[in-house]
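Each remark here refers to the structure printed beneath this line.
The values are calculated or read from the model by the stated rules, or taken from the named source; none is laboratory data. This structure is a prediction, so every number in the text was calculated from the model and none was measured. Note: ideal-geometry Cβ built from the backbone for every residue, glycine included; neighbour counts use all protein chains shown.
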Amino acid sequence: MTKQTALIQMHIAAILFGVSGIFGNLIASDSFVISMGRSIFAIFAMTLLSLHFRYIPWRIPLKAFYSLVVAGILLAAHWVTFFYAIKVGNVAMATLGFACFPACVALFEMLFFKDKITKVEYCLLFCVSAGLIMVTPSFDLSDGGTMGLIWGTISGILYGASVVINRYTLKLTTGVQICWWQCLVVFVILFPFTVTSLPAVSQMDWLWIACLGLLCTGLSYYLFISSLTAINAKTASIIIALEPVYAIVGAWILFSEQPTIRTIIGGLVIILAVIWAGLQKQATTTKLVTE
């Protein structure tokens, strides 16, 4: 694979990650049903990927099993809160709230791995915090946009915690196996809460849910992994940081969710801070995780 092809594939992966919020906005079902349904199609996609890469997805060390269960619980909570953020707010607020997760990773790595927070990470934490304050529509909890941002931020915190757990798990198994097991845990946890709602899910909802699992999880993950054969992890992380841009532009075009100047400026502060922090650190290992 040439570097140019890899870059194109990585941008497509970032777009697919970004449009997960758009699909979530199109689905009338609640966030629990969306997340459970996504896990079904994602398991199917990850099984195909495992066969492609010649992995047996369920064959993992026992030590990895327990951390994968915890990470799967966090992933379930991340998906549910992210799609709920879209329901109560909008795609822009949910996505920008979620974009705080790199800063959360730095905090969790300090707490769980005793890693020292660098000056770059302190700057990242400050810029992300400032950006979140700037994009907050109001400090009134009855404001839908504000609640969307809060739930999106909670979603980012949960995702950041799962990334840190996967840092340990990647030493024991592969990224594809991690995704397969996490999606299985999501299904097991959420199915009991959604089984009575499934008969009411429309065919159109199932179509969009399938797109979430097959395109935004399966295909995007395949493009992400295959691109890493020609570009380094640092370049990949910078491109993936553009995910909120694609999501906001897509919502603007499809749903007329025009962001305010304040949202644009605050969003740029967050996104540019994440990109800048990525440029300052040379990645030594690639965190392959389900988003």
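In the stretch 118-138, which residue that is touching a helix residue (DSSP H, G or I) at 6+ places or on another chain (Cβ under 7 Å) and not in a helix (DSSP H, G or I) is surrounded by the fewest Cβ atoms within 10 Å (Cβ to Cβ)?
Here the residue is Ser138.
Select from the stretch 146-156 the residues that are of a type in the set (Val, Ile, Thr) and surrounded by 22 or more Cβ atoms within 10 Å (Cβ to Cβ) and list them in ascending order.
Across the stretch 146-156, the qualifying residue is only Thr153.
Looking at (1) over 27 Å from Ile270 (Cβ atoms); (2) modelled with pLDDT under 95; (3) assigned to a helix (DSSP H, G or I); (4) among the charged types (D, E, K, R), can you tell me which one Arg167 breaks?
(1)
Could you figure out which of (1) of a type in the set (Gly, Ala, Ser); (2) under 24 Å from Thr260 (Cβ atoms); (3) part of a helix (DSSP H, G or I) isn't true of Ser142?
If we test Ser142 against (1) of a type in the set (Gly, Ala, Ser); (2) under 24 Å from Thr260 (Cβ atoms); (3) part of a helix (DSSP H, G or I), just (3) comes out false.
Which count do you get for residues in the stretch 2-49 that are within 25 Å of Ile239 (Cβ to Cβ) and hydroxyl-bearing (Ser, Thr, Tyr)?
Number of matching residues: 3.
Looking only at the stretch 27-55, count every residue that is in a helix (DSSP H, G or I) and either under 19 Å from Phe98 (Cα atoms) or of a type in the set (Ser, Thr, Tyr) (or both) and tell me the total.
The total comes to 8.
Going through the stretch 157-193 one residue at a time, which ones are of a type in the set (Phe, Trp, Tyr) and crowded, with 22+ Cβ neighbours inside 10 Å?
Tyr159, Trp180, Trp181
Test Cys216 against the criterion of being closer than 18 Å to Tyr84 by Cβ and under 21 Å from the mean Cα position of the chain (by Cα), and give yes or no.
yes
Would the stretch 44-56 turn up any residue that is buried (at least 23 other Cβ atoms within 10 Å of the Cβ) and of a type in the set (S, T, N, Q)?
Checking the stretch 44-56: not a single residue is buried (at least 23 other Cβ atoms within 10 Å of the Cβ) and of a type in the set (S, T, N, Q).
Checking Cys104 against (1) over 16 Å from the mean Cα position of the chain (by Cα); (2) under 20 Å from Gly267 (Cα atoms); (3) surrounded by fewer than 24 Cβ atoms within 10 Å (Cβ to Cβ), only one condition comes out false. Which one?
For Cys104, the failing item is (1).
Which of the following residues is at pLDDT below 90, surrounded by fewer than 19 Cβ atoms within 10 Å (Cβ to Cβ) and closer than 23 Å to Val249 by Cα: Asp115, Asp143?
None of the others qualify; the one that does is Asp143.
Give, as residue ranges, the helices (runs of 4 or more DSSP H) completely inside the stretch 223-290 that count at least 3 residues that are small (Gly, Ala, Ser), at pLDDT 80 or above and over 18 Å from the mean Cα position of the chain (by Cα).
none
Restrict the check to the stretch 246-264 and report whether at least one residue is of a type in the set (D, E, K, R), within 23 Å of Trp276 (Cβ to Cβ), in contact with a Pro (Cβ under 9 Å, 6 or more places away or on another chain) and surrounded by fewer than 23 Cβ atoms within 10 Å (Cβ to Cβ).
Taking every residue of the stretch 246-264 in turn, at least one turns out to be of a type in the set (D, E, K, R), within 23 Å of Trp276 (Cβ to Cβ), in contact with a Pro (Cβ under 9 Å, 6 or more places away or on another chain) and surrounded by fewer than 23 Cβ atoms within 10 Å (Cβ to Cβ).
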